[in-house]
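Each remark here refers to the structure printed beneath this line.
The values are calculated or read from the model by the stated rules, or taken from the named source; none is laboratory data. What you see is a predicted model, and the numbers here were worked out from it, not measured in a lab. FYI the Cβ positions are ideal-geometry reconstructions off the backbone, even for glycines, and counts take in every protein chain you see.
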Amino acid sequence: MEIKKITVLGAGQMGNGIAQVCAQAGYEVKMRDIDQKFIDNGMATIKKNLERGLAKGKITQEEVDGVLGRITGVLDLGESVKDADLVIEAIPEIVKLKLDTWREVDGAAPEGAILASNTSSISITQMAAVTKRPNLFVGMHFFNPVPVMGLVEIIKGQGTEDSTVDVIREVSGKLGKKTVLVNEAPGFAVNRLLVPAINEAIFAIQENVATVEDMDLAIKLGLNWPMGPLTLADFVGLDTLLYISDYFVDEFKDSKYRAPALLRKMVRAGWVGRKSGKGFYDYSSDEPKPVRFH
Ligand code: 3HC
């Protein structure tokens, strides 16, 4: 099956990145969100990214115009998917919201369209089960920032057909991404390692093993990570990390995945990282300042 038209559900951090790389690969893209202001913000981010590429001489003005011309913002869900070949969902990680959305998409999208979720943890099989096409339902997990990160995890649910995986592998290749195939399991491959690793760094802060900046520097230089784990925690969002940790404990029935009390306390305080202006660093000035916990 040849994919030409892609609908991306959600214009947030992940959704606008996915829409951008799809349009850059030449696909006709519809980017859907529930409020025009989310679509406008998503389009503004895409424009900013492309203009940065233009300023660095990596793309031409003609290419920028071409990419922007291939993305249409849409508010109505049914309208957004009615002629899609592939729907990629990047809406908030709320199980009920995902299931309700997939039921509606299944009823409105063409019969043969492939449905892919960018969920970071929710069961592909559970979402596929509310549609009439579990064979065409698959996980397509991108990484933030989408235009930069080179991986897509393809997640095979209980009913996902191999031919569906093949199509997603081909599309991901056209987006310039390498793929790994993961049989459904909580956290797939990457988050299963990443989330406990970040949590361990937060336990170390909680236990006053080192300061925030030293913990980050230790891992950045000692392990050659591009960002220290606490900078990365703020980048991913502490609310997301807490959600995934709690989900892991529920699914694996294993307390080794438990979230540090400090993470829960920070989320309760609204300190969820960069997007809220405060997490392990304070982002109120140009240079982020590490927060002191002891
Ligand atoms: N959007 C688009 N492009 C971006 C960007 C963004 N948000 N941030 C940086 N870039 C681009 C820059 O323009 C630059 O492009 P160029 O090479 O063409 O000039 C390139 O990325 C490098 O950027 P910088 O030089 O400004 O900064 P760094 O070299 O420090 O790289 C980084 C920034 C790519 C974000 C790097 O720090 C990094 O890789 N960090 C780790 C990110 C990571 O681990 N992501 C995964 C998170 S987990 C996840 O997403 C899964 C979820 O389920 C939880």
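Could you check Lys220 against (1) outside the structural domain of Lys278 (by TED's automatic domain parsing); (2) near the ligand (Cβ under 10 Å from one of its atoms); (3) within 30 Å of Lys265 (Cβ to Cβ) and say which number it fails?
Of everything listed in (1) outside the structural domain of Lys278 (by TED's automatic domain parsing); (2) near the ligand (Cβ under 10 Å from one of its atoms); (3) within 30 Å of Lys265 (Cβ to Cβ), Lys220 misses just condition (1).
Which of the residues that make up the stretch 50-88 are exposed (fewer than 12 other Cβ atoms within 10 Å of the Cβ) and within 16 Å of the ligand (Cβ to nearest atom)? Before the answer, list the steps.
Of all residues in the stretch 50-88, those exposed (fewer than 12 other Cβ atoms within 10 Å of the Cβ) come to 55-58, 60-62, 65, 69, 76.
Scanning the stretch 50-88 gives Ala55, Lys56, Gly57, Lys58, Thr60.
Evaluate the following for Thr45: is it hydroxyl-bearing (Ser, Thr, Tyr) and either outside any helix (DSSP H, G or I) or more than 15 Å from the ligand (Cβ to nearest atom) (or both)?
Numbers: hydroxyl-bearing (Ser, Thr, Tyr): yes; either outside any helix (DSSP H, G or I) or more than 15 Å from the ligand (Cβ to nearest atom) (or both): no.
So Thr45 fails the test.
Name the pairs whose Cβ atoms lie under 7 Å apart, with the first residue in the stretch 115-128 and closer than 24 Å to Pro145 by Cβ, the second assigned to a loop (DSSP other than H, G, I, E, B) and of a type in the set (Phe, Trp, Tyr), and 6 or more positions between them or separate chains?
So the pair list comes out as Asn118/Phe142.
Restricting to the stretch 223-232, name every residue that is within 10 Å of the ligand (Cβ to nearest atom) and among the hydrophobic types (A, V, I, L, M, F, W, C).
Scanning the stretch 223-232 gives Trp225, Met227, Leu232.
I'd like the full set of residues that are over 12 Å from the mean Cα position of the chain (by Cα) and not in a strand (DSSP E or B), limited to the stretch 1-18.
Met1, Glu2, Ile3, Lys4
Would you please list the contacts, defined by Cβ atoms under 6 Å and residues six or more apart or on different chains, that run from a residue in the stretch 180-201 that is closer than 23 Å to Trp225 by Cα and in a helix (DSSP H, G or I) to a residue that is of a type in the set (A, V, I, L, M) and away from the ligand (no atom under 13 Å from the Cβ)?
Ala201/Met215
Based on this model, can you work out whether Ile18 counts as surrounded by 20 or more Cβ atoms within 10 Å (Cβ to Cβ), away from the ligand (no atom under 14 Å from the Cβ), modelled with pLDDT of 95 or more and of a type in the set (A, V, I, L, M, F, W, C)? Break it down into steps so the answer makes sense when it comes.
On the way: surrounded by 20 or more Cβ atoms within 10 Å (Cβ to Cβ): yes; away from the ligand (no atom under 14 Å from the Cβ): no; modelled with pLDDT of 95 or more: yes; of a type in the set (A, V, I, L, M, F, W, C): yes.
No; evaluated as a whole, the condition is false for this residue.
Which residue is farthest from the ligand (Cβ to nearest atom), if the candidates are limited to the stretch 135-154 and must be within 28 Å of Thr45 (Cα to Cα) and part of a strand (DSSP E or B)? Even if it seems obvious, please write down each step before you answer.
Just the residues of the stretch 135-154 that are within 28 Å of Thr45 (Cα to Cα), to begin with: 138-154.
Pick out the ones that are also part of a strand (DSSP E or B) and you get 138-141, 151-154.
Working: Val138: 16, Gly139: 11, Met140: 12, His141: 6, Leu151: 9, Val152: 11, Glu153: 9, Ile154: 14 Å.
In this case the residue turns out to be Val138.
Given the criterion in contact with a Pro (Cβ under 8 Å, 6 or more places away or on another chain) and either in contact (Cβ under 8 Å) with a residue 40 or more places away in the chain or of a type outside the set (Lys, Arg) (or both), identify the matching residue among Val29, Val21. Can you show your working first?
Values: Val29 fails: in contact with a Pro (Cβ under 8 Å, 6 or more places away or on another chain).
Of the residues listed, the single one that is in contact with a Pro (Cβ under 8 Å, 6 or more places away or on another chain) and either in contact (Cβ under 8 Å) with a residue 40 or more places away in the chain or of a type outside the set (Lys, Arg) (or both) is Val21.
Say we look at the stretch 89-101 and pick out the residues that are at pLDDT 95 or above and within 21 Å of Asn16 (Cβ to Cβ); which of these is surrounded by the most Cβ atoms within 10 Å (Cβ to Cβ)?
Here is the first cut: in the stretch 89-101, the ones at pLDDT 95 or above are 89-91, 96-101.
Among the residues that remain, those that are also within 21 Å of Asn16 (Cβ to Cβ) are: 89-91, 97-98, 101.
Numbers: Glu89: 24, Ala90: 27, Ile91: 22, Leu97: 11, Lys98: 21, Thr101: 21.
Once the filter is applied, the top-ranked residue is Ala90.
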